[in-house]
Amino acid sequence: MDLLEYQGKQLFARHDVPVPTGIHATSVEEATQGAADIGYPCVIKAQVQIGGRGKAGGIKVAKDATEAEEHAKAILGMDIRGLTVRELWIEEASDIAAEYYASIVFDRSARAPLVMLSTKGGMDIEEVAAQDPGAIARLHVDPLLGFQDFHGRRLAFEAGVDADVVRPVGVLLAKLYDAFVAEEAMLVEVNPLIVTSEREVRALDAKVTLDGNSLFRHADNAALRNPSAEDEQEQMAKERGLTYVKLDGDIGILGNGAGLVMSTLDVVAQAGGKPANFLDAGGGSKADAIVSAVEVILSDEKVKAVLFNIFGGITRCDEVARGLIEAFEQVKVDVPFVVRLDGTNDKEGRRLLAEAELPNVHVEQTMLGAAALVVALASDREDHERRDADRRAQNAGLEAPRR
Amino acid sequence: MSILVGPDTKLVVTGLTGREGSFHAANNRRYGTHVVAGVTPGKGGQDVDGVPVFDTVHAAVDATGANTAMVFVPPRFAADSILEAQDAGIELVVAITEGIPAHDMLRVYTHLRRGSTRLIGPNCPGVLSPGKANVGIIPADFFSEGNVGVVSRSGTLTYQIGNELAQRRFGNSTIVGIGGDPIVGSSFIDVIPLFERDEQTELVVMCGEIGGDEEERTADYIAEHVSKPVVGYIAGFTAPPGKTMGHAGAIVSGSKGTAAAKAEALEGRGVRVGRTPTEVSELAAEILGRIPA
């Protein structure tokens, strides 16, 4: 789960990581009131999860109340690379003497937290890493030992921070590590980490990714919302307990198990099609989950055909077939479906589908055959009735047992 | 021989009295796995279909000599359950549980690596040695004994590939689901050497997916240390960056962890990579020779 800047800063503040004072606003009135409370100059910052906010005009300094109102009006509702700005963060302006970079990432490759510090802050760190890898000091922390004072000193000296801030930078890193562990983050990034002209060290930005699996013990984090980022279908799927990712094609996909669904997307793409989504109906999918899944897939208006690719293990193919039959009773379906059922109770599932005689539902025997057919159906909707007839004739002669 | 689980496996199931735990433990037992004990705190002294239940893993090990644990408890208790099994001297822990917090696994992984207990999973379908033992939720009926070892980050995709192999009449020595989380107890590099040493295994299929750099590291390892043929498969060529594809570990971050990079790394080190599950079995047939009907 990715947090917005202000959510990240509030999380930092809970762990005594120094951040500028700020106020959250969702309207021009709240923003102008917030600016008055903070005092001038202050900064009006768009809260969307995307880089390049400043260049897009989403971050502006206000010298007085008139400017604060102007900027708030301009930024609220602004579109930044496809995301609509619905929230603002009003913050005291900082007097910047130096810009550093600090982050802690959950390094799955090393199976340890990786702490990074650089004096080349304020720019894209991947670019710094590519052009001048020596400019980033790195250190892995033993998760059973935790962050020690010497870690902070080593990073600060190796990165070459100004001598007078070695200690405060080390302290900030230790607190950042506390936040990383206590909040169960996968990433905490501060870019820039600034030194003010009064030689104070502060996090001027905050990028935080939390582990979704840990939210059961962080009720406050679980309640955080990002109204700009949530796609309609993804929201609907989440409410129904389905694992759904929206893609930009026109072939709806449902499968069981993340790996098999990914593989199905690939095979459809290889057959020349464009998947509209990733949907993992999960292990042991029952009929009602299938009904929900069909609703979510079809709520995307771009979908021209749907592929079900099921290899039953815990999931029983007869349950999937029942779910599909129920879905056709409850949901208006006007696109063709291709269904491939294999594994646990596959014969029973295929028998149920054959008996139900659902309109425009094609049963295919193999994953490759199913992918080829759904691509043909999506690209050639007018022609589908004829194909349907052909398929039925073909399938009738193809019922030989395979195991 | 097969690897990890077999006739010598003596299995203790944590979470045996739960709905999923009892169902799958019964399946494993029917398959012939020696399920010797269950553990549910507070239910010691009871039994589930004749399998004795203990309050602690230590008590179960003392009474039954269990050497393998299958963890079926909910995510919030799973790390503790793995650590308890390790502390009780269990040699192999197979964690089926999905959704264990990543920071829990960081501590568990680091601790287990300092001892001798091997962990498979979490968020995995388990380990099946066809004809010998099944520990987990893999539908064993689809697989028969044979010479192809399979190691995979995904469950159902493994069934798909196993089925493709079965249609060409190949069986399996052992099928190992290592799990789809960012941190799993055993990676490809931990499992492939076991297949390399296993007499029954003549070819290894490794089934990867987007996220992390395990496949890339494995490519180097194979080139340097593995003499048996390895066929690869990678899922997620069409996955967009920044989106988690179902498995907590399956995410392309920036330009890292893409399927194309993984396939390229494997092929660059001489591992042939099937572009579809069907192609994987075709490559296996090409390497091992076709088995006539």
Original post:
Can you pull the mean other chain C-beta count within 10 Å for peptide A:208-218?
Top reply: 4
Original post:
What average count of beta carbons from other chains do you get within 10 Å of the Cβ of residues in A:28-34?
Top reply: 0
Original post:
Which lysines, on any chain, are close to A:Lys45 with Cα under 27 Å apart, when same-chain ones fewer than 8 places away are left out?
Top reply: A:Lys9, A:Lys55, A:Lys60, A:Lys63, A:Lys73, A:Lys120, A:Lys175, A:Lys207, B:Lys243
**OP:** Please give the helix B:259-268 orientation as an angle from the longest Cα principal axis of chain B, in degrees from 0 to 90, rounded to the nearest 10.
**Re:** 70 degrees
Subject >> Gained length - B:Ala26 relative to B:Arg107, 0.36 nm times residue gap less alpha-carbon distance >> reply: 26.0 nm
Original post:
Among bridges DSSP assigns within chain A, what percent are antiparallel (round to 5)?
Top reply: 70 percent
**OP:** Please order B:Cys207, A:Cys317 by the number of other Cβ within 10 Å, starting at the fewest.
**Re:** A:Cys317, B:Cys207
Original post:
Are there trypsin sites (Lys or Arg not before Pro) in region B:31-131 that DSSP marks as loop and that have at most 12 other Cβ atoms within 10 Å, and which are they?
Top reply: B:Arg114
Original post:
Once amide H atoms are placed 1.01 Å from N in the peptide plane, what residues at a sequence separation of 5 or more from B:Val93, or on another chain, have their amide H within under 5 Å of its amide H?
Top reply: B:Ala69, B:Arg118, B:Leu119, B:Ile120
**OP:** Normalise the Debye intensity by I(0) for region B:143-288, one equal point scatterer per Cα, no solvent, then take log10 at q = 0.11, 0.17 Å⁻¹ and round to two decimals.
**Re:** -0.35, -0.87
Original post:
With each pseudo-label sitting 7 Å past Cα toward Cβ, what's the A:Glu92-A:Lys286 distance in nm, one decimal?
Top reply: 5.6 nm
**OP:** Determine ³J(HN,Hα), in whole Hz, for all residues of region B:176-192 in sequence, where each value follows from phi through the Karplus function 6.51 cos²θ - 1.76 cosθ + 1.60 and θ = phi - 60°; x replaces Gly and Pro.
**Re:** 10, x, 8, x, x, 8, x, 10, 10, x, 10, 10, 3, 5, 7, 8, 4
Original post:
Most exposed first by the Cβ proxy, i.e. fewest other Cβ within 10 Å, how do A:Lys9, A:Lys55, A:Lys120 rank?
Top reply: A:Lys55, A:Lys120, A:Lys9
Subject >> Per-residue HN-Hα couplings for region B:129-135 [Karplus 6.51, -1.76, 1.60; θ = phi - 60°; Hz; x = Gly/Pro] >> reply: 10, x, x, 10, 7, 10, 10
Subject >> 5 angstrom amide H check on B:Glu209, placed H, neighbours 5+ away >> reply: B:Ala235
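Please report the antiparallel percentage of the DSSP beta bridges confined to region B:143-288, to the nearest 5.
The antiparallel fraction comes to roughly 5 percent.
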Subject >> Volume per residue of the C-alpha convex hull in the protein assembly as shown, rounded to whole Å³ >> reply: 167 Å³
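Roughly what % of DSSP beta bridges within the protein assembly as shown run antiparallel, to the nearest 5?
Of all bridge pairs located within the protein assembly as shown, approximately 50 percent are antiparallel.
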Original post:
From the Cα gyration tensor of region A:232-394, with a ≥ b ≥ c the square roots of its eigenvalues, which class applies: rounded if a/c is under 1.5, or else prolate if a/b is larger than b/c, or else oblate?
Top reply: rounded
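Quick one: plug the Kirkwood hydrodynamic radius of chain B (C-alpha pairs) into Stokes-Einstein at 25 °C, 0.890 mPa s, and report D in µm²/s. Show your work: numbers first, answer last.
Details: Rh = 19.1 Å.
Reported coefficient: 128 µm²/s.
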Original post:
On average, how many beta carbons from a partner chain sit within 10 Å of the beta carbon of a residue in B:231-244?
Top reply: 5
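Based on other C-beta atoms within 10 Å, arrange B:Glu224, B:Glu84, A:Glu200 from fewest to most.
Arranged by neighbour count, lowest to highest, B:Glu224, B:Glu84, A:Glu200 become B:Glu224, A:Glu200, B:Glu84.
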Original post:
Against the longest principal axis of chain A, how steep is helix A:5-14, in degrees 0 to 90 to the nearest 10, with axes from Cα atoms?
Top reply: 60 degrees
Subject >> Under-5 Å amide H pairs with B:Leu203, H placed in peptide plane, nonlocal only >> reply: B:Gly149
Original post:
Okay, helix-only estimate at 222 nm for the protein assembly as shown: each DSSP H run of n ≥ 4 adds -39500 (n - 2.57), divide by all residues, round to 500 deg cm²/dmol; what do you get?
Top reply: -11000 deg cm²/dmol
Subject >> Distant alpha-carbon pairs in chain A (separation over 34 angstrom), percent >> reply: 47 percent
Subject >> Largest-first ellipsoid semi-axes for region B:204-244, taking √(5λ) over the Cα gyration tensor eigenvalues, angstrom >> reply: 24, 11, 6
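Only the coordinates and a few stated rules stand behind these numbers; no lab work does. Just so we're clear, the structure is a prediction, and the values are computed from it rather than from any experiment. A quick note on method: Cβ atoms are made from the backbone with ideal geometry, for glycine too, and the neighbour counts reach across all protein chains shown.
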